[in-house]
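No lab work stands behind these numbers, since they all come straight from the coordinates. These numbers were taken from a predicted model, which means no experiment stands behind them. Reconstructed Cβ throughout: ideal geometry from the backbone, glycine too, with neighbour counts over all protein chains shown.
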Amino acid sequence: MLDKTKFAPALRSSSDQILQENRVVASQKLFREILEAINGKSILIDNNRQIIYANNDFLNLRGLKNMDPILGLRLGEVISCIHSGEEQFGCGTSAACAYCGAVNAILESQKSGSKSAKECRITTVVDEKLKSWDLFITSSPISLAGNLYYIISIEDISHKKRRSALEKTFFHDLLNSAGGLNGLLTILKDGVSPEEAPEIINLSEEASRDILDEIMMHTQIRAAENGDLQVKIEPVNSIELLVSSVKKISSHKVGQNKEVIISEDSANINFQTDRILLQRVIINLIKNALESTPQSGTIFVGLKDDGDKIIIWVKNNEVIPMDVQLQLFQRSYSTKGDNRGIGTYSIKLLTENYLKGKVSFISNETDRTVFSLEFNKVF
């Protein structure tokens with residue numbers, strides 16, 4: 001039964017074992033002083049990845065006065081990783097854990113008998129709010145009182161990774177839009193026929209709106225991460241929302257030579273939400289689907305009336321590889337290269353932290369890829 005794991009070993013030490021090991025470590029005065037002197041959050045774990053000791057910096061992370069509540073837990077369980085409760089034996093045993101830098105650093109350290117360090121992306125839920133962490137984890141073996149343990153040092157690099165991802169994505173998209181506008185203005189400057197001028201002016205206006213939209217989007221995401229985003233609730237019509245969203249993204253370069261179709265059976269209803277934020281989420285979903293769709297391809301968008309709830313969905317015909325599915329909503333993860341992970345993360349952040357909704361998806365050979373947003377009709 002204990003071999004039922006989808007990644008790391010499932011075996012856990014008993015409560016008596018944990019308490020006995022804690023007492024042994026607590027008796028090592030020099031070690032305790034060194035652990036407290038270490039700059040940052042540190043824990044000591046046993047061979048089953050369970051905590052038997054922690055320094056005060058780590059305890060302060062969860063506002064704890066002593067380590068009793070966390071003895072025997074694993075790191076992901078302490079910080080409420082969304083995957084830590086997916087399997088019976090907890091942190092490290094789900095399929096998603098195969099891509100966790102923390103678990104991999106520990107396993108590598110155990111196997112090699114030497115220090116191992118890795119970056120780690122963890123998504124947690126704290127006080128019913130989604131929170132993403134970017135951590136730098138170091139696992140170092142140490143022998144104490146004849147037993148082998150591992151010091152886990154945790155450095156929070158969230159601010160650095162967040163800023164890098166936001167700025168790199170922001171400047172990438174902004175430069176694309178500004179470059180397009182500059183090209184159009186150059187054409188006007190060089191002179192065009194009277195028949196062509198109105199079209200060039202309209203395209204220039206769209207490009208300038210794209211620039212303003214990019215600035216607004218990143219302003220909203222930063223405010224959302226800081227907890228400063230203000231939500232404005234108003235009545236919204238479902239069809240008007242879908243039509244407006246499709247129109248906005250259709251003019252974007254990612255939608256060129258591709259078709260976005262609103263499902264004919266989409267419900268025409270009114271509900272309450274923040275129109276601007278929800279449209280931002282829908283446009284990002286459509287944009288992601290278009291980026292995965294080949295030229296001349298088609299994606300579908302629809303809205304279902306489900307009693308007191310509504311479900312907005314976006315479908316494309318590609319299938320997401322399983323390794324990508326398991327990391328999809330993490331802030332710093334992206335299939336587009338380093339420091340580009342913002343799209344699906346922002347969808348989940350805005351939907352679940354501010355719009356009181358839920359984001360889910362399925363992706364397989366039968367259903368293809370469908371992202372769904374579920375909301376109450378009354379906010």
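Could you tell me the ratio Rg/Rh of region 232-379? Both radii from Cα atoms, Rh via Kirkwood.
Value, to two decimals: 0.94.
Using the reciprocal of the averaged 1/r over all distinct C-alpha pairs, how large is the Kirkwood radius of region 31-161 in Å?
Numbers: mean 1/r = 0.0673 Å⁻¹.
When all Cα pairs of region 31-161 are included, the Kirkwood radius is 14.9 Å.
How do H218, H159, H83 line up, fewest other C-beta atoms within 10 Å first?
On the way: H218 19, H159 10, H83 23.
Arranged by neighbour count, lowest to highest, H218, H159, H83 become H159, H218, H83.
Spin-label point model (7 Å from Cα, Cβ direction): what's the A117 to I38 distance in nm?
Simple spin-label model gives 1.3 nm for this pair.
Let me check against my output: what whole-number percent is the relative contact order of the chain, with C-alpha pairs under 8 Å and at least 6 apart?
12 percent
Taking the alpha-carbon distance from K189 and a cut-off under 25 Å, which lysines remain once sequence neighbours fewer than 8 residues away in the same chain are dropped?
Result set, ordered by chain and number: K253.
Rounded to the nearest 0.05, what FRET efficiency is calculated for K160 and V126 with R0 set to 22 Å and r the Cβ-Cβ distance?
Numbers: r = 21 Å, r/R0 = 0.93.
About 0.60, to the nearest 0.05.
Provide the FRET efficiency to the nearest 0.05 for the N66-K377 pair, computing r from the beta carbons and using R0 = 56 Å.
So, using R0 = 56 Å, E works out to roughly 0.75.
Calculate how steeply helix 238-250 sits against the longest principal axis of the alpha-carbon atoms of the chain, using the helix alpha-carbon long axis, and give the answer as 0 to 90 degrees to the nearest 10.
Once rounded, one gets 90 degrees.
What's the magnitude of the charge dipole for the chain around its Cα centre, counting Lys and Arg as +1 and Asp and Glu as -1 at the beta-carbon? Answer in Debye, nearest 20.
In debye, rounded to 20, the chain gives about 1060.
Mean projection of the alpha-carbon convex hull of the chain over all orientations, in nm²?
Dividing the Cα hull surface by four gives the mean projection, 23.5 nm².
How high is the FRET efficiency from Q17 to E205, r the C-beta distance, R0 56 Å, rounded to 0.05?
FRET efficiency, Q17 to E205: 0.20.
Could you tell me how many degrees, from 0 to 90 and to the nearest 10, lie between the Cα long axis of helix 15-26 and the main elongation axis, the longest principal axis, of the Cα atoms of the chain?
The angle comes out near 80 degrees.
For region 232-276, which GluC sites (Glu not before Pro) are in a loop by DSSP, counting at most 11 other Cβ atoms within 10 Å?
Of the GluC sites (Glu not before Pro), the ones in loops of region 232-276 whose Cβ has at most 11 other Cβ atoms within 10 Å are E264.
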